Amino acid sequence: MTAEQDRNGVAGTGDGTTRWGILATGGIAATFTADVRRMAGAEVVAVASRSEASAKAFADRFDIPRAYGDWAGLVADPDVDVVYVATPHSAHRAAAGLALEAGKPVLCEKAFTLNSREAGELVALAQERGLFLMEAMWMYCSPVIRRMTELIADGAIGEVRTVQADFGLQGPFGPEHRLRDPALGGGALLDLGVYPVSFAQLILGEPDRVQADALLSPEGVDLNTGMLLGWESGATALLSCSVTAGTPSTATVTGTAGRIELPSGFFAPDAFVLHRDGREPEQHTVESGLTGMQHEAAEVMRCLRAGETESPLVPLDGSLAVMRTLDAVRERVGVRYPVDEAA
Ligand SMILES: NC(=O)c1ccc[n+]([C@@H]2O[C@H](COP(=O)([O-])OP(=O)(O)OC[C@H]3O[C@@H](n4cnc5c(N)ncnc54)[C@H](OP(=O)(O)O)[C@@H]3O)[C@@H](O)[C@H]2O)c1
């Protein structure tokens, strides 16, 4: 690696430290920042908000040296190696696009964008610029989830026939909440349903058929959604998400020779149980010393140091395929966002 590459933030400082810039100051930005600043080899050097006061308050809270009252300052900061986009989904395309245009690698929160058209534009931009881009699908970086996929690939449960997964929160989320606003990509699907869909597609790939039904809010976003995905192989996935019901938020993968059960919070599990036909259940855990958000940050930093523009754990094709499924579900249930009209 050349010193020039290093200055451009392709791989962090010469001492191997990756310097993060945080874009937005909401709930997940705070969780991520708190986790990343405790990691060896990571530093949070700047934060940006739409308001100077919010950037400053966030910087004070997490001891961040620089605070910007607009996104442009952050993406132009030569000390920022990678930008973490933590806005609502509606701003992912604009914020990640701005960072990529400025030559910065990007980790972008889920759902990746509002629709697959926007996701395709971001991927094309990153590829054109030769820059790293990854959806913050932290579930894919979990060592427990990776152990599960290895076992499935090794045939531990035979041929996968069905996946069940759900993610529901009881709320209530009032009409003023971003989850109720179509312009912000509101609804259960993009915030919560993205996990069961990403989980099923991690195991079975992009589905050949998508069916869905949903209860919509007066604003026109989905509040309670059921999905049935089908594959030519005969495999199926039965998935649900809700912002009006606290569902168990568990997952089960069943094959011709057994099943794997993930506990509540299946997207960030500490363990799972493997039931092989005719044998005692096996509990699987993986010790890593990292938390959920730290696994994804570690993967980003590994990729940057290795000069990789895409993570093999969270491939861009996979994020695009998930966005196509979310588009199809929205089409089936009649949820349209203003941005879809531009398509
Ligand atoms: N990985 C996870 O576990 C996880 C968990 C929760 C959420 N998320 C994802 O993270 C994203 C943010 O969720 P959150 O719960 O952190 O939301 P949030 O608490 O509402 O924060 C979002 C932040 O984005 C900025 N923002 C608000 N409205 C905006 C707009 N119209 N345009 C541009 N920026 C705006 C605000 O920061 P400023 O005022 O500083 O601009 C706000 O604080 C969503 O995409 C969500 O799906 C991920």
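The single residue among Glu232, Glu206, Glu219 that is assigned to a loop (DSSP other than H, G, I, E, B), away from the ligand (no atom under 16 Å from the Cβ) and either in contact with a His (Cβ under 6 Å, 6 or more places away or on another chain) or within 18 Å of Arg332 (Cα to Cα) (or both) turns out to be Glu206.
Here is a yes/no grid of residues against (1) touching a Leu at 6+ places or on another chain (Cβ under 9 Å); (2) at pLDDT below 95:
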{"residue": "Arg178", "(1), (2)": "yes, yes"}
{"residue": "Val197", "(1), (2)": "yes, no"}
{"residue": "Asp208", "(1), (2)": "yes, no"}
{"residue": "Ala214", "(1), (2)": "yes, no"}
{"residue": "Ser233", "(1), (2)": "yes, no"}
{"residue": "Ser249", "(1), (2)": "yes, no"}
{"residue": "Leu262", "(1), (2)": "no, no"}
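Taken over region 167-186, the criterion of being surrounded by 24 or more Cβ atoms within 10 Å (Cβ to Cβ) and either away from the ligand (no atom under 11 Å from the Cβ) or under 13 Å from Phe266 (Cα atoms) (or both) is satisfied by Phe167 alone.
Figure legend. Inter-residue proximity from region 192-221: first residues free of Cβ contacts under 8 Å to residues at least 40 places away in the same chain, second residues assigned to a loop (DSSP other than H, G, I, E, B) and surrounded by fewer than 16 Cβ atoms within 10 Å (Cβ to Cβ), beta-carbon distance below 7 Å, spacing 6+ or different chains. Indicated pairs: Asp208/Glu232.
Among the residues of region 69-79, those that are under 25 Å from the mean Cα position of the chain (by Cα) and either within 10 Å of the ligand (Cβ to nearest atom) or closer than 10 Å to Thr25 by Cβ (or both) comprise Asp70, Trp71.
Considering region 13-35, and only residues there that are of a type in the set (Gly, Ala, Ser) and either in contact (Cβ under 8 Å) with a residue 60 or more places away in the chain or part of a helix (DSSP H, G or I) (or both), the residue that is nearest to the ligand (Cβ to nearest atom) turns out to be Gly26.
Screening region 36-60 for residues that are of a type in the set (Lys, Arg) and either more than 21 Å from Gly16 (Cβ to Cβ) or not assigned by TED's automatic domain parsing to the domain that holds Gly21 (or both) and picking the one that is nearest to the ligand (Cβ to nearest atom) gives Arg50. As a summary of the residue check, Tyr84 satisfies the conditions (1) away from the ligand (no atom under 11 Å from the Cβ); (2) within 19 Å of Ala29 (Cβ to Cβ); (3) out of contact with any Pro (no Cβ under 6 Å at 6 or more places or on another chain); (4) not small (Gly, Ala, Ser) except for the one numbered (1).
Give, as residue ranges, the helices (runs of 4 or more DSSP H) completely inside region 61-177 that count at least 2 residues that are within 28 Å of Gly41 (Cα to Cα) and not assigned by TED's automatic domain parsing to the domain that holds Leu190.
Working: elements: 71-76, 92-101, 116-129, 143-153.
The helices (runs of 4 or more DSSP H) meeting that bar are 71-76, 92-101, 116-129.
Given the residues Gly103, Gly120, Gly69, which is the only one that is without any contact (Cβ under 8 Å) to a residue 60 or more places away in the chain and either of a type in the set (Ser, Thr, Tyr) or surrounded by fewer than 24 Cβ atoms within 10 Å (Cβ to Cβ) (or both)? Only one candidate passes the filter, namely Gly69.
The values are calculated or read from the model by the stated rules, or taken from the named source; none is laboratory data. Worth saying up front: this structure is predicted, and the values here are computed from it rather than measured. So basically every Cβ, Gly included, is an ideal-geometry build from the backbone, and we count neighbours across all protein chains shown.
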